[in-house]
Amino acid sequence: MDLNLRKAILSNISDNDQTQLQATIVDAVNGEEKMLPGLGVLFELIWTQSSEEEKQEMLDALEQGVKQATSS
């Protein structure tokens, strides 16, 4: 069976508005494990639409977040 998870996730969220997309993000961040692949696809969309400057800002924020999470 050929399952393309990325396409399935995009299909499931294709009609979502900002409120629904935010709910998906919040659910994943709050520990809803089944939402994590969707969060990855959403991040991929953000990353591919971002300028180099925006990507650097995201990397800086991510690095800070990792440092804070691992120092606790």
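None of the figures in this text is laboratory data; all of them are computed from the coordinates on show. Being a predicted model, the structure only gives us computed values, none of them experimental. Neighbour counts run over all protein chains shown; Cβ positions are idealised from the backbone, glycine included.
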Return the pair list, or none, for Cβ contacts closer than 9 Å from residues in the range 16-45 that are among the basic types (Lys, Arg) to residues that are surrounded by 12 or more Cβ atoms within 10 Å (Cβ to Cβ), at least 6 apart or on different chains. LYS34/ASP27; LYS34/ALA28
Of the residues in the range 36-63, those that are within 10 Å of the chain's Cα centre (by Cα) and more than 18 Å from ASN4 (Cβ to Cβ) come to ILE46, TRP47
